[in-house]
Amino acid sequence: MDWVPIAWLGALSFGFAVFSLVSGALSGPRRYNRAKAEAYECGIEPTPQPVGGGRFPVKYFLTAMLFILFDIEIIFLYPWAVTFDSLGVFGLVEMVLFVGTVFVAYAYVWRRGGLEWD
């Protein structure tokens, strides 16, 4: 019977989500025009795009991959920080090697100009 509060919270949150979607669909205005169908670019006029969708510079994808790489480093640091006392010197050496490797990668990307937004 320890699961009853969790099931109750899940049912309550599901009910709230369904209620929000249904009430928004029923009470919201249905006035569609050409301006609402266009893309919104931070208050400026949207730039025309070619029919095929156009080409994005590789810089966008490199920035996304770098963000994911360094974000994953932080994810690996959390379990290490939690079990720091029980790992001893071995854990410290392993984390120094890991952070050193990531720092070398960061320095390489920085030196190659991967962090500059032109």
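What follows draws every value from the coordinates through simple rules; no lab data is involved. The model shown is predicted, which means the values in this text are computed figures rather than measured ones. Here the Cβ positions follow ideal geometry from the backbone for every residue, glycine too, while neighbour counts run over all protein chains shown.
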message = If you take every residue apart from residue 79 with its C-beta less than 14 Å away from the C-beta of residue 79, what net charge results, scoring Lys and Arg +1 and Asp and Glu -1?
response = -3
query = Taking the Cα centre of the chain as the origin and placing charges on Cβ (Lys, Arg +1; Asp, Glu -1), which of 67, 42, 3 is farthest toward the positive end of the dipole?
reply = 42
ask   = What residue among 15, 88, 100 has the largest mean-square fluctuation in a Gaussian network model of the chain, using Cα springs under 10 Å?
value = 15
key: the chain: translational diffusion in µm²/s, Stokes-Einstein, Kirkwood Rh over Cα pairs, 37 °C, 0.692 mPa s   = 158 µm²/s
key: Stretch gain in nm, segment residue 96-residue 14, where the contour uses 0.36 nm per residue and the Cα spacing is subtracted   = 25.1 nm
task = Please arrange 36, 59 by counting, for each residue, the other beta carbons lying within 10 Å of its beta carbon, fewest first.
result = 36, 59
key: For the chain, calculated [θ]222 nm from helices alone, where every DSSP H run of n ≥ 4 adds -39500 (n - 2.57)   = -23500 deg cm²/dmol
key: Rounded FRET efficiency, nearest 0.05, which uses the C-beta distance separating residue 71 from residue 115 and R0 of 22 Å   = 0.90
ask   = In nm, to one decimal, how far is the residue 33 label point from the residue 104 one, both placed 7 Å along Cα→Cβ?
value = 6.1 nm
ask   = What's the exposure ranking of 65, 95, 1, going from fewest to most Cβ atoms within 10 Å?
value = 1, 65, 95
